[in-house]
1. Pull out all pairs, ordered by first then second residue, where Cβ-Cβ is under 7 Å, the residues are six or more apart or on different chains, the first lies in the range 104-128 and is within 17 Å of Val190 (Cα to Cα), and the second is assigned to a helix (DSSP H, G or I) and among the charged types (D, E, K, R).
2. Under 22 Å from Leu391 (Cα atoms), open to solvent by less than 10 Å² (accessible area, probe 1.4 Å) and not in a loop (DSSP other than H, G, I, E, B): which single residue out of Ile157, Ile104 fits that description?
3. List every residue pair whose Cβ atoms lie under 8 Å apart, where the two residues are 6 or more positions apart in sequence or sit on different chains, the first residue falls within the range 248-260 and is more than 10 Å from Phe83 (Cβ to Cβ), and the second residue, located anywhere, is buried (at least 18 other Cβ atoms within 10 Å of the Cβ) and among the polar types (S, T, N, Q).
4. Sort out which residues of the range 172-205 are open to solvent by 40 Å² or more (accessible area, probe 1.4 Å), more than 21 Å from Asn370 (Cα to Cα) and at pLDDT 80 or above, and write them in order of number.
5. Which of the residues belonging to the range 543-590 are in a loop (DSSP other than H, G, I, E, B) and of a type outside the set (Val, Ile, Thr)?
6. I'd like to verify a number: residues in the range 64-81 that are more than 31 Å from the chain's Cα centre (by Cα) and exposed (fewer than 15 other Cβ atoms within 10 Å of the Cβ), how many?
7. Could you grab me the full set of residues in the range 129-160 that are more than 18 Å from Leu186 (Cα to Cα) and touching a Phe, Trp or Tyr at 6+ places or on another chain (Cβ under 7 Å)?
Amino acid sequence: MHTNALALLILQLIVIIGLSRLIGRGARWLGQPLVIAEVVAGIVLGPSLLGWLAPDIMNGLFPASSMPVLTMLSQVGLVLFMFLIGLELDPQLLKGRGHASVAISHSSIVVPFALGAGAGALWLYKSLSSPEVPFSSFVLFMGVAMSITAFPVLARILTERGLLQSKVGTVAIACAAVDDVTAWCLLAFVVSIVRAASLAQAALTTVMALGYIAFMLMVVRPFLARLGARVASREGLTQNVVAGTLVLLLASAGVTELIGIHALFGAFLFGAVIPKEGRLAETLAERLEDVAVVLLLPVFFAFSGLRTQIGLLNTAEDWLTCGVIIVLACLGKFGGSAVAARMTGLRWREASAIGILMNTRGLMELIVLNIGLDLGVISPQLFTMMVLMALVTTFITTPLLKWIYPLEEIARERVVVPLPVEPGPPPYSVLMCVSHGQAGPGMATLSRSLTGREEGARLHALHLVSPERASLRPAQQRDPEEDSALTPLLWRAESLGLSVRPLSFVSADPAQDICRTAKARRADLVLLGWHKPLFSQTMLGGTVREVMQEACGPVAVLVDRGLSDIKRVLVPFVGSQHDRAALALARRLNQQAGAEVTVLHVTSDLGGNGGARSQVEALFPANEGGVTMKEVRSDAPDEAALGEARHGYDLVIVGIGAQWGLEDKVFGLQRERIIRDAPGSLLVVCDASPATAAEPSSESSNDGASAARVLPARS
């Protein structure tokens with residue numbers, strides 16, 4: 001059967017990206033960076049697993065005729081990725097830490113370089129190389145390959161662990177930045193020697209490379225600074241500017257390829273010289289990151305996996321050699337970094353943490369190894385051993401870091417300033433958690449109605465950034481109000497005259513961080529936004545479910561359908577603790593915004609409403625008014641609530657529970673009709689207060705005193 005080349009390429013991309021993301025879910029569960037999953041996915045698709053189990057499938061999916069296309073596509077992805085790495089290198093990372101960072105970084109290069117070069121000269125060249133490979137090229141390349149630190153992987157680990165602004169994190173990220181620049185300069189020098197036909201040509205290549213670096217710093221950088229001044233906002237980054245930037249990027253990569261030091265160095269250098277002030281670098285990264293990292297980079301991993309042949313390690317001696325390489329790599333990086341860090345004044349625990357972080361190799365090591373394999377410096381067998389070394393050193397980083405530098409050590413560096421305790425009742429506090437911008441305006445409207453007449457109310461807007469989207473700018477240089485997810489909320493709050501304090505930080509565990517922030521800010525209510533789940537049928541899943549399980553107070557999820565004002569409120573009620581929490585919020589809306597509240601008591605017995613009425617009267621005294629109680633007999637409470645909701649209410653407040661079709665399940669296999677069919681906005685409430693966890697939920701066991709005790713009224 002004739003194979004269409006385009007159809008085959010599309011199929012290859014689907015398999016590569018899909019498998020990478022699938023394995024990535026498992027890697028995240030193990031606390032590993034995504035790069036681990038992508039490397040493993042590449043190996044799985046190659047001869048090491050798929051080719052071993054089903055060679056016909058591998059040859060049909062990745063025939064030899066398709067390799068040139070994958071090769072070029074992976075190289076384009078690497079050019080864009082190295083440009084992004086250059087964009088992330090900010091001179092501000094070295095501010096105040098230059099001396100220590102240079103000392104530690106150079107030690108973390110010199111020691112593993114010496115070990116790698118020594119092992120190559122005394123042992124590996126004889127056993128794993130061929131006479132056609134120049135001795136000097138092999139030794140120098142092994143030294144460089146042992147010296148690499150994966151700057152992007154290290155940065156993601158630091159952000160996920162909350163270490164980026166700690167002493168260990170700031171030193172490590174600065175060391176990795178210096179390490180990256182130094183190692184790539186060394187690699188460019190080694191490549192020029194390998195490609196040169198003579199010593200004179202190698203010297204000429206080195207001189208031209210130095211001249212090109214000087215040209216980029218003295219001519220191109222000032223031009224890019226003027227361009228960045230004109231592109232002060234995202235709207236200013238037009239398609240013409242992006243096109244011009246890409247042309248300059250490709251030109252830089254092409255020049256360094258022609259010089260003889262590899263195109264990737266030119267892409268890296270161009271990204272590094274772009275000024276980090278303003279929004280030019282940040283906005284370019286936003287435009288290009290998804291295409292480079294999600295679409296093109298996995299192709300490189302698959303291509304590397306197809307070249308990794310674990311079957312070549314078929315003797316005990318081969319595996320012993322691989323183990324020794326891993327030990328030397330860890331010893332050189334960890335030992336050189338940790339000892340140098342200790343000599344600069346850090347404690348042994350901190351120095352060890354830096355040594356562990358600097359031992360992370362990941363993607364950068366694979367790039368170097370592929371260059372060596374393409375140049376013929378290393379054999380496929382040694383390539384496989386070095387790939388396994390990169391995988392192991394990256395995999396062990398996170399668990400070792402958790403052991404050496406646990407959360408208790410991180411907490412020691414954080415100075416917690418307690419909120420001042422003022423006499424009298426504490427002010428009402430709402431934590432609004434925004435994941436998508438469209439949820440923000442409705443939250444601001446609801447918060448205005450909840451706190452309208454109360455002095456000193458505290459409103460906080462929280463947006464958690466996933467580690468993959470994290471910026472490496474120091475925290476003091478980031479303004480939470482610049483966060484696009486918070487902008488709609490802040491605009492609505494400003495129009496309503498609300499004072500909202502924005503918060504935004506990187507989180508690998510959103511539910512835990514929401515609960516911690518709510519506790520630190522003494523939030524009386526955690527307000528979550530809602531968006532339709534992609535796969536499940538329930539809103540009480542994922543992060544929402546975890547927050548409701550871990551929170552220490554009321555949690556509410558707003559289903560916003562154009563909420564602009566709150567005048568009429570409906571509370572379906574059967575007497576559970578979550579219904580009472582919903583009733584308490586309705587009381588605040590009545591007191592603070594003057595909303596008319598209708599309590600719909602749904603029962604199977606028209607004569608059994610005494611307990612429910614006493615609970616309502618405990619929160620809504622008869623002399624205050626503002627509440628209407630309706631009673632309806634129905635065997636389907638959610639249907640009864642939906643029927644009443646169609647009578648023109650601005651907001652329906654309902655407690656979670658099976659009676660309303662809102663159950664706390666891991667998987668939602670049934671549609672929640674009250675969410676799907678409610679004509680207006682909906683607020684789903686869960687009372688996670690420990691004091692109420694053991695409260696009886698049946699209406700017959702509740703009285704007015706218990707309702708008032710569970711949710712004390714605030715005025």
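The values are calculated or read from the model by the stated rules, or taken from the named source; none is laboratory data. Quick caveat: nothing in here was measured; it's all calculated off a predicted structure. Cβ atoms come from the backbone with ideal geometry, glycine included; neighbour counts cover every protein chain shown. Ligands, DNA and RNA are stripped out before the accessible areas are found, and what is left, the full protein with its side chains, is counted by its heavy atoms. Shrake-Rupley method; radii C 1.70, N 1.55, O 1.52, S 1.80 Å.
1. Ile109/Asp179; Pro112/Lys333
2. Ile157
3. What qualifies is Ile259/Ser192; Ile259/Thr205; Gly260/Ser192; Gly260/Thr205.
4. Ala200, Gln201, Ala203, Leu204
5. Start the filter on the range 543-590 by keeping residues that are in a loop (DSSP other than H, G, I, E, B), which leaves 551-553, 560-567, 574-576.
If the condition is that a residue be in a loop (DSSP other than H, G, I, E, B) and of a type outside the set (Val, Ile, Thr), then Ala551, Cys552, Gly553, Asp560, Arg561, Gly562, Leu563, Ser564, Asp565, Lys567, Gly575, Ser576 are the ones that fit.
6. Summing the residues that are more than 31 Å from the chain's Cα centre (by Cα) and exposed (fewer than 15 other Cβ atoms within 10 Å of the Cβ) in the range 64-81 gives 4.
7. Matches in the range 129-160: Ser129 only.
Condition check ((1) assigned to a loop (DSSP other than H, G, I, E, B); (2) among the aromatic types (Phe, Trp, Tyr)) across all residues:
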site	(1), (2)
Ala493	no, no
Pro502	no, no
Phe505	no, yes
Ala508	yes, no
Gln512	no, no
Cys515	no, no
Ala518	no, no
